[in-house]
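A quick write-up on the structure given underneath.
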Amino acid sequence: MKKKVLVDLEVICDSPNYILWGNLEHQERQLELWAKDFNEFIRDHRSQDRVNLSVRRVYKEECEYCHRVWEEYDDGCPVCCTKAQEEWKASKKELDLEEASRQISLDYDAG
Ligand SMILES: [Zn+2]
């Protein structure tokens with residue numbers, strides 16, 4: 001049966017709404033500035049001066065071409081679209097070539 005287990009805790013702090021407008025990159029900068037400001041404010045209040053606010057970023061991995069969630073087959077090849085798969089094949093070929101030339105130079109050094 002599925003069981004719910006407590007594994008970690010974090011404090012949620014709601015920042016003022018006036019910060020949260022514009023795109024996420026803008027909000028990220030504004031939140032960083034606000035958190036920095038707020039941390040300086042806390043420093044002035046000795047009883048709480050070990051409190052620190054920080055901005056936690058939540059990322060997801062997606063394909064830059066089709067924007068679907070990034071998933072890979074067992075060999076590392078992306079699942080989502082042919083453009084990503086072609087790019088992966090090309091970079092894999094490059095890596096294989098690098099590996100091959102490294103192997104050749106190792107053999108040469110050894111020989
Ligand atoms: Zn894709």
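Each value in this text was obtained by applying a stated rule to the coordinates, not by laboratory testing. In this text, all values refer to a predicted model and were calculated from it rather than measured experimentally. Neighbour counts run over all protein chains shown; Cβ positions are idealised from the backbone, glycine included.
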More than 13 Å apart - percent of Cα-Cα pairs taken over segment 12-59 = 59 percent
Listed residues L31, P78, W88: farthest to the positive end of the dipole of segment 1-108 (Cβ charges) = L31
Name the long-range amide H neighbours of E62: under 5 Å, sequence gap of 5 or more, or other chain; modelled H, no Pro or chain starts.
-> W70
Helix axis angle, 82-110 relative to the chain longest principal axis, alpha carbon, degrees = 60 degrees
GluC sites (Glu not before Pro) restricted to DSSP loop in segment 7-67 with at most 13 other C-beta within 10 Å = E10, E61, E64
Within the P(r) computed for the chain, what percentage of the Cα pairs occupies the region above 23 Å?
-> 64 percent
Set the Förster distance to 22 Å, then compute FRET efficiency between W21 and V55 from the Cβ-Cβ distance, nearest 0.05.
-> 0.85
Within segment 1-76: Cβ-based charge dipole about Cα centre, in debye rounded to nearest 20 (Lys, Arg +1; Asp, Glu -1) | 560 debye
In degrees, nearest ten, helix 24-43 long axis to first principal axis of the chain (Cα) | 50 degrees
